[in-house]
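Encoded as structure tokens, the structure appears first; notes follow it.
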Amino acid sequence: MKMTEENNAGKTNVTEEDVRLLIKRKDDIEEQIKAYHDMLQTDGVGMDAPLVDEEGFPRADVDLYKVRTARHNISCLQNDHKAIMVEIEEALHKLHASARVKPEKEETKKEVTEPSVSLPAPFALLDAVTPGSPAFQAGLRVGDEVIEFGSVNTQNFRNLRDIASVVQHSEGKSLRVGVIRSGQEVHLNLTPKQWSGRGLLGCNLVPLHR
């Protein structure tokens, strides 16, 4: 137990580059999942369509080996995706924690590096985005810090129910979403809608307590 704690203690110094590399790995996994999903959609089977006909015989209209392989690979990649999401979340927490306790000893550099101070304070963090979902198609990514979600912003945000209410009343309508990504403000258009997964967005938000 002591060794584990020591190992963990040695990994507390997480840098932005570490997070970027994790997010790059996550993006690569999402691209692979999307490619396999696209292949299945092209074959007209998806993840759940039966591979036998009404009489119980293997379907002759699809490449069964290719479909089974693609479904297996998607399942494996989704497990990899869940694991990397946990790593990213832990790394982001450590990064934010170290940023709070870091002494402000670079006063002389502040004038040059200060533009980020003018950015609005984020109120929520995207810690999961499902490939192929409305959120994914809109360009939202894990690690994005939300500063605007439709009519919800830094000033009027109370809790995640505010965002849920906006989403429920905006199905099929484009919402303006503002995030901070890599220290820059990014604005996207997100349309909540029914898709193959749960909910109308396909992403998960966690509130940022400041």
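Provide the FRET efficiency to the nearest 0.05 for the Q184-H72 pair, computing r from the beta carbons and using R0 = 41 Å.
Calculated value: 0.60.
Given labels modelled 7 Å from the Cα in the Cβ direction, how far is it in nm from D63 to Q137?
Distance between the two pseudo-spin positions: 2.6 nm.
How far is it, in nm, from the label point at S151 to the one at S174 when both lie 7 Å from their Cα along the line to the Cβ?
2.0
Once you've got the Cα coordinates, tell me which of K26/K66; K82/K193; K26/K94; K94/K193 are over 28 Å apart. Could the numbers behind the result be given before it?
Numbers: K26/K66 24 Å; K82/K193 24 Å; K26/K94 18 Å; K94/K193 34 Å.
As for pairs spanning more than 28 Å Cα to Cα, those are K94/K193.
Residue by residue through region 187-196, what is 3J(HN,Hα) from phi via Karplus (6.51 cos²θ - 1.76 cosθ + 1.60, θ = phi - 60°)? Round to whole Hz and write x for glycine and proline.
Result, ordered by residue: 10, 10, 10, 10, 10, x, 7, 5, 9, 6 Hz.
Give the accessible surface of region 124-207 per residue, rounded to a whole number of Å², with probe radius 1.4 Å and ligands, DNA and RNA excluded.
On a per-residue basis, region 124-207 sits at 49 Å².
Enumerate the residues in region 169-202 having an amide nitrogen under 15 Å from the point lying 7 Å beyond the Cα of S118 toward its Cβ.
Flagged as within label range: 184-186.
For region 124-207, which whole-number percentage of the solvent-accessible area (1.4 Å probe, protein heavy atoms only) is attributable to carbon and sulfur atoms?
Carbon and sulfur: 45 percent of the exposed surface of region 124-207.
As an exercise, use a Förster radius of 30 Å and the Cβ-Cβ distance of V206 and M47 to find the FRET efficiency, rounded to the nearest 0.05.
So, using R0 = 30 Å, E works out to roughly 0.65.
The values are calculated or read from the model by the stated rules, or taken from the named source; none is laboratory data. In this text the structure is predicted, and so the values were computed from the model without any measurement. Neighbour counts run over all protein chains shown; Cβ positions are idealised from the backbone, glycine included. The protein model used for the area step is the full one, side chains on, heavy atoms only, and it has no ligands, DNA or RNA in it. Shrake-Rupley method; radii C 1.70, N 1.55, O 1.52, S 1.80 Å.
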